[in-house]
Amino acid sequence: MDRKDVWKWLMLAVLTAGSLWLVLPTDKINYGIDLQGGTSFVVDIDPADIEADVRNRLGETASEDAIRDALARDLSDAQERALTVLANRVNELGTREPIIYPERGTQRIVIQLPGADDEQRREAEDIIRRVAFLSFHLVHRDNDRLSRDLMNERIPLPGYRIIEYEQQPYYELDPNAAAELRGIDPRFRFPDGKAPLNYMFLLEKRFLRTIQREVYHPICVRQIHEFTGDLLTNARDELSEFMQPYVSLSFNNAGARLFYEITRDYGPRGPRNRDSEVGYQMAVALDYLVHSAPVIRGPIPHGNAMIEGQFTAEEARTLAMVLRTGALPAPVRIVERRSVDPTLGRDSIDKGVRSIVVAGIAVLLFMLIYYRLSGLVADLALVLNLILLPLGMILVGGFLGVFLGSRTGANPFALPVLTLPGIAGILLTIGMAVDANVLIFERFREEFKLGKRFPTAIAAGYDRAFVTILDANLTTLLTGVILFVFGSGPIRGFAITLCAGILASMFTALVFTRMLFRLIGSLAKLQTLKMFCLVRETAIDFMSKRKLAAFVSIAVIVATWGLMIGRGVRNPADVFGIDFVSGSSVTLAFDADNRPDVDDLRAALDGAGIPGAQIQYQRELDETAEFLVVNTAFVAEEEDRKHAGDILAEAFPEAQFSVRQQNDIAPQVGATLKAQALKAIILALAGIVLYISFRFRFGFAIGAIAALLHDVLVAVGLYTLLGGRISLPVVAALLTIVGYSVNDTIVVFDRIREDLHLIRNKSFTEICNLSLNQTLGRTVLTSLTTLLATGSLLVLGGGAI
């Protein structure tokens, strides 16, 4: 064995052991709410601040009707903005795949976190409540005297108590005070008339290290802030040279310019501070609590600032995360806390796992029977691919999160949450990974036909297949990276799985199998490799059928999409699931001794014409009573909206279902997520055009986009024609089709490019025909292996998957 191969085998052993360590024991894996349940919060937006802003904006002369209309618009906008901010915060907590959606007609938002323990729940509650309004205020020049005189009065503040330390009074949070007292707006804690005109007293947070206590001291600042956190582009937790945590801030262009002007004007001898060698203090306040008030020492030109204070590392991390994700438009309060059972029943989970095992075995057997010894090598590569996938997902997620996404407080090098559709997506990635092996083996076949010996044929096969595999996978990888950078939520989760699967399959196909063939060749002294041949040499005139094929495709797309659009106009719920359309949430009380299984409930609703329902058993965290929550998309008729409770009561009389509460809910995928996803897909298509234009020709790029759109449009049209509804799992499936389509198209294009260089006496149309026939066997085989995987999911997976 070659010495280089010894090192490669050792490296492979280390990578394999590392990947297995990541998932063994299996309690290291984070499961989604569909598999293990979690925690549900219902938060309510406090309308008081928004109403005050509306009245102030419209003035005293505005009528109550005008105020009511403006308030309704602002509350609706506030709910949408709060939804985005809360989603960003929850994602940065490290809680992947959360479910977040608003309730219609209220200011409430439902947040569901998979598998949250007590510590994560407390952290989530703290993050959810924070308004995170960042403001910068100039401090009064005579602040020391003003704050000292104020403290000498010993003015009591609600929620605080006064303590003495070294003959200096301070305020400290009163642990016995009610939470609502501590929640009073800091701008209104001190009595009127204590601060000079146009100034106000706030509290500045301090830490007395010698007695290890957090205290507060008055600070006199301008009522009008100089600028706010709206101008931030990023916030990061850092360590100073003395290892003290702080938060660094970066502003956009407008913020950088404003920050420079303020630090210039109010610095030593600045235009607004000409008589002093000492600059003003600039107070940095979060929700009007001052964290630091540094002295301006001179102009700061590059739009970078810092919040210093007596932070712990955890406090600095949390503060940076909250600032980075934006400020809530108004305070929120948590009105409900519930534990949530898995949304999939045990039967669905068992069927899903069983179908995945069967599909994997079917692919392995097919490769073994068809390619014999080479198939055994491919099977070993597929198993290794599956083993290395967790390591690939961590590396891809960490790399993309650190270098391409914003820096988050969550650990970027952690396994993503695993859901049942995610497991199916991983299996499909494995099924697609066969593609690279088939390409290589078909090249082997061609080299052996030319009479080459085993070592030469193996080397030539890998060399000739390498460019094709590289182009096909780099194009798909580019798509995944763009989807991650510009997408969010489930789009990012899909991108990580896609990229990790590609990298793992390229490694196993191009490195591991080559090492294995070299080892087999040195031990067995083989001269050739025997393989079964399903598709022999063909000479089908594909190009002569292009007009007929185009007509059939266009007819299918127009007919199916016409029907889909017609149904969607009449009732969007006929086409879209609860993820994308409004619906109803019904809470049902029931007899806990006769609790029906989730799968039985879903089957009853499906049979009554309400498919795609989201079903959860829930209980209050501080109570033992259980209840059932059923979310369904609105059906066409208004009177049918309360249908779900009646159906279940009739189908399961022993459960004694009764309606406890009913709310209308907005789509679980908000406008912001839709816009981000659309932007990501458009940029991914543009990236494909640029890459293929660079590697091939611009005309090839247009052909690839046409093929991609064709595959997606046909799939969506036929799926909805057969009664399917578009939901988030279906979107993930369509994204998989995008990756699969690009990969398949590039393989054909690569053979056309190769034949154009080798053959000079044929027209372009003839070369296209030749290339299509040369790759026909590979196309059929990879389609068969993928159909084996998806067919098992379809037949054995059950309705949920």
Of Pro611, Ile557, Leu477, which is farthest on the positive side of the dipole of the chain, counting Cα position, with +1 on Lys and Arg Cβ, -1 on Asp and Glu Cβ, and the Cα centre as origin?
Leu477
If each residue of separation counts as 0.36 nm, what is the full-extension length gain between Met543 and Val485 once their alpha-carbon separation is subtracted?
17.0 nm
Could you state the per residue volume, in Å³, of the convex hull enclosing the Cα atoms of the range 1-133?
161
With a 1.4 angstrom probe the carbon and sulfur portion of accessible area for the chain, in percent, totals 59
Along the chain, longest interval not containing exposed GluC sites (Glu not before Pro), exposed being DSSP loop plus at most 15 other Cβ atoms within 10 Å
278-536
At 1.4 Å probe size, with every protein chain present, just tell me what the per residue accessible area of the chain comes to in Å².
48
Using a 1.4 angstrom probe on the protein heavy atoms only, line up Thr476, Thr61 by accessible area, largest first.
Thr61, Thr476
Kyte-Doolittle at least 1.6, axis length at least 27 Å by Cα - qualifying DSSP helices, the chain:
373-399, 698-721
Each label sits 7 Å from Cα toward the beta-carbon; between Val511 and Leu709 the label points are separated, in nm, by 3.9
Where nothing but the Cβ of Lys and Arg (+1) and of Asp and Glu (-1) is charged, how large is the charge dipole of the chain around its Cα centre, in debye to the nearest 20?
4020
Accessible-area value, Asp69, 1.4 Å probe, nucleic acids and ligands omitted, Å²:
90
Please give the Cα centre distance for the range 362-377 versus the range 556-615, rounded to the nearest Å.
41
I need the shape label for the range 506-582. Rule: rounded when a/c is under 1.5, else prolate if a/b > b/c, else oblate, with a, b, c from the alpha carbon gyration tensor.
oblate
Can you bin the range 271-358 into rounded, prolate or oblate? Criterion: square roots of the alpha carbon gyration tensor eigenvalues sorted a ≥ b ≥ c, rounded for a/c under 1.5, prolate for a/b above b/c, oblate for the rest.
prolate
Nearest-0.05 FRET efficiency for Asp174 and Ser63, computed from C-beta distance (R0 45 Å)
0.55
Of all DSSP beta bridges with both partners in the chain, the antiparallel percent, nearest 5, is 95
Please find the FRET efficiency linking Glu119 to Leu722, where r is the Cβ-Cβ separation and R0 is fixed at 51 Å, and quote it to the nearest 0.05.
0.65
So what does His302 come to for accessible area, using a 1.4 Å probe and Å² rounded to 10?
140
Accessible-area order for Phe133, Phe551, Phe311, largest to smallest, probe 1.4 angstrom, reads Phe551, Phe133, Phe311
When every protein chain stays in place and a 1.4 Å probe is rolled, Val278, Val438, Val358 sorted by accessible area with the largest first are Val278, Val358, Val438
Apply the Karplus curve 6.51 cos²θ - 1.76 cosθ + 1.60, θ = phi - 60°, to the phi angles in the range 614-619 and return the couplings in whole Hz, x for Gly and Pro.
9, 10, 9, 8, 10, 8
Within straight-line cross-link reach of Lys449, lysines at Cα separation under 21 Å, skipping those fewer than 8 residues along the same chain:
Lys525, Lys530
Run the numbers on the chain and let me know its relative contact order in percent, using alpha-carbon pairs under 8 Å that are six or more apart.
16
Long-range amide H partners of Tyr165 with built H, under 5 Å
Tyr170
Taking the Cβ-Cβ separation of Ile224 and Asp49 as r and a Förster radius of 25 Å, what is the calculated FRET efficiency to the nearest 0.05?
0.90
For the range 126-251, just the Cα atoms, rotate onto the principal axes and tell me the three extents in Å, largest first.
41, 36, 31
For Lys194, list the aspartates and glutamates whose Cα falls under 15 Å from its own Cα; do not include residues on the same chain fewer than 8 positions away.
Asp142, Asp144, Asp149, Glu153
Length added when fully stretched, Lys525-Glu314, from 0.36 nm per residue minus Cα-Cα:
69.8 nm
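For the range 661-801, calculate the relative contact order in percent as a whole number, restricting contacts to Cα pairs under 8 Å that are 6 or more residues apart.
It comes to 15 percent, rounded to a whole number.
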Can you work out the Karplus-derived ³J(HN,Hα) for every residue in the range 162-171? Use 6.51 cos²θ - 1.76 cosθ + 1.60 with θ = phi - 60°, whole Hz, and x for glycine or proline.
9, 10, 10, 9, 6, 6, 10, x, 9, 8
Cross-link partners of Lys545 among aspartates and glutamates (Cα-Cα below 14 Å; sequence separation of 8 or more within a chain)
Glu766
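The values are calculated or read from the model by the stated rules, or taken from the named source; none is laboratory data. What you are looking at is a predicted structure, and each value in this text was computed from that prediction instead of being measured. Every residue, glycine among them, receives a Cβ derived from its backbone with ideal geometry; neighbour counts consider all protein chains shown. Side chains included, ligands, DNA and RNA excluded: accessible areas come from the protein's heavy atoms. Shrake-Rupley method; radii C 1.70, N 1.55, O 1.52, S 1.80 Å.
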